[in-house]
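The values are calculated or read from the model by the stated rules, or taken from the named source; none is laboratory data. Source: prediction; values computed, not measured. Don't worry about glycine lacking a Cβ; one is built from the backbone with ideal geometry, like all the others, and counts go over all protein chains shown. SASA here: full protein model, heavy atoms, side chains in, ligands and nucleic acids out. Shrake-Rupley method; radii C 1.70, N 1.55, O 1.52, S 1.80 Å.
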Amino acid sequence: MAFVCENISVNEEGVLTFAGQSTEELARQYGTPLYLMDEDRIRQNCRTYVNAFSEHFPEGSMPLFAGKACCFKQIYRIISSENMGCDVVSSGEIFTASEAGMDMEKAFFHGNNKTDADIKFAMDRGVGYFVADNEEEILAIEAEAAARGIVQKVLLRITPGIDPHTYEAVSTGKVDSKFGQAIATGQAEEITALTLRQEHVELAGFHCHVGSQVFAEDVFERASDVMLEFIADMNAKFGYMAGCLNLGGGYGVRYVDSDPYLYIAEKIGSVAGAIKRKCESLDIPVPVICMEPGRSIVADAGMTLYTAGSVKKIPGYKNYVSVDGGMTDNPRYALYKSSYSCYNASRMNEEADMEVTIGGRCCESGDLIQLDVPMPSSTERGDIIAVCTTGAYNYSMSSNYNRIPRPAVVMLKSGSSYVAVRRETFEDVAAQDI
Ligand SMILES: *Cc1c(COP(=O)(O)O)cnc(C)c1O
């Protein structure tokens, strides 16, 4: 049997394994619902980026982990020990990263609406780079940096007008994004001019982010083409040569068998080739390159375990297996109809002869994890249900809807396991209530 990722298998007892460990035993030891994270896989994914970067890009180039994909302290310890930087999008993420001991000089602070309090907090914690979104923000950063007598490094978020899924050269859908300043409207040039006039803001370069779950051949080549032309243009107009180009995140991962394989090391090699050729033709030096992978670092390092409750067969209609979690720990089906590979982890040797809808336990008809999942008709209350590839945008998007405590996050490492985030208690859920 082939699985979406090679860290998934089946043992002699017919039980699904993750990172070589029995899902039934892990469920027994830690309880369900449960997030599992394969630490070795996270490290392997980090190394793919770090090695490709040192092979192909100028010195100082660095992959940054996009914390919004999966944010808790242990993740930052892992990615910083793998020599990655990070991208943070809120004061809460800055707090988590810096409390975990992350070198904040390697942190890039995003967001289209940083509050004054965020700007102060980020400077308090020594965030290396702000990725500024708009003119008001540049002025607010300038004012705060001036008050502190410091010079704050910034990148400007630019909208290159590239749609990663449609191949249109300039798509209005992208130019009218809530993020960044568009090249097409002249606003990217205006914010560059404004930034260069500030005394306490140092323009370190430019940033763009074109999308997520990207598989298309040449999205990063097209984005870097447009951005390098912009860099050359700013050099011609203002005599300003950007030192850094940050291409954002977005490489896709396999959720189901029909998703293509993506060889990220090769992809980065060809992006680097395109960048070098473009810089030669524009006669500019190759800038330091950053990328911000989130999903492709953590998604396939995650699996969620549930315990089946009721198995409801509605003759002539459909079958439901209800689980002891749902949209509170994984809102992605409810939000985006996301695909997942799901299994009855307890019965991998039995024929999957019925199709079920996996339903969560929340009071919402839309609280579903997946439709049309093949499962043995012997499936019953107490079986362990596994949902694969849940390492990204699951824990980080979880909620306490219906006052359901969040599951624990357990890390699997070289045959052993440890708790990285404790399971919430009812006391935790009600902790702020007066
Ligand atoms: C979401 C996001 C990322 C990470 O995207 P992935 O698809 O998880 O790799 C990186 N940079 C920015 C600015 C983002 O908004």
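Remarks
- S177 meets the conditions (1) within 12 Å of the ligand (Cβ to nearest atom); (2) in contact with a helix residue (DSSP H, G or I) (Cβ under 7 Å, 6 or more places away or on another chain) in every case but one. The failed one is (2).
- Residue check, F206 surrounded by 22 or more Cβ atoms within 10 Å (Cβ to Cβ) and either more than 16 Å from the ligand (Cβ to nearest atom) or within 22 Å of K178 (Cα to Cα) (or both): yes
- Of all residues in segment 293-333 being assigned to a loop (DSSP other than H, G, I, E, B), within 22 Å of G67 (Cα to Cα) and open to solvent by 10 Å² or more (accessible area, probe 1.4 Å), the one that is farthest from the ligand (Cβ to nearest atom): M327
- Criterion violated by Y263 - all others in (1) open to solvent by less than 50 Å² (accessible area, probe 1.4 Å); (2) closer than 24 Å to I42 by Cα; (3) of a type in the set (F, W, Y) satisfied: (1)
- Qualifying residue in segment 235-245 (condition: open to solvent by 10 Å² or more (accessible area, probe 1.4 Å), of a type in the set (S, T, Y) and more than 16 Å from the ligand (Cβ to nearest atom)): yes
- Among the conditions (1) open to solvent by less than 10 Å² (accessible area, probe 1.4 Å); (2) more than 30 Å from Q74 (Cα to Cα); (3) away from the ligand (no atom under 14 Å from the Cβ), V219 misses just one, which is (3).
- All told, Q152 meets the bar of being touching a residue at least 12 places away in the same chain (Cβ under 8 Å), more than 16 Å from the ligand (Cβ to nearest atom) and open to solvent by less than 50 Å² (accessible area, probe 1.4 Å).
- Cross-chain or 6+ apart pairs with Cβ under 8 Å, segment 400-421 first and without any contact (Cβ under 8 Å) to a residue 40 or more places away in the chain, then in a loop (DSSP other than H, G, I, E, B) and among the polar types (S, T, N, Q): P405/T425
- All conditions in (1) on the phi > 0 side of the Ramachandran plot; (2) in contact with a His (Cβ under 9 Å, 6 or more places away or on another chain); (3) open to solvent by 30 Å² or more (accessible area, probe 1.4 Å) hold for G211, with the sole exception of (3).
- Applying a threshold of 7 Å to beta carbon distances and a minimum spacing of six or more residues, or different chains, the list of pairs starting in segment 4-24 at a residue that is under 19 Å from M375 (Cα atoms) and ending at one that is surrounded by fewer than 14 Cβ atoms within 10 Å (Cβ to Cβ) and not small (G, A, S) reads V4/D257; V10/M1; G14/N349.
- Qualifying residue in segment 355-369 (condition: in a strand (DSSP E or B) and among the basic types (K, R)): no
- Filter result for F130 (of a type in the set (F, W, Y) and either in a helix (DSSP H, G or I) or more than 16 Å from the ligand (Cβ to nearest atom) (or both)): no
- Any hit, segment 266-281, residues being open to solvent by 30 Å² or more (accessible area, probe 1.4 Å), touching a residue at least 12 places away in the same chain (Cβ under 8 Å), over 30 Å from Y333 (Cβ atoms) and more than 16 Å from the ligand (Cβ to nearest atom): yes
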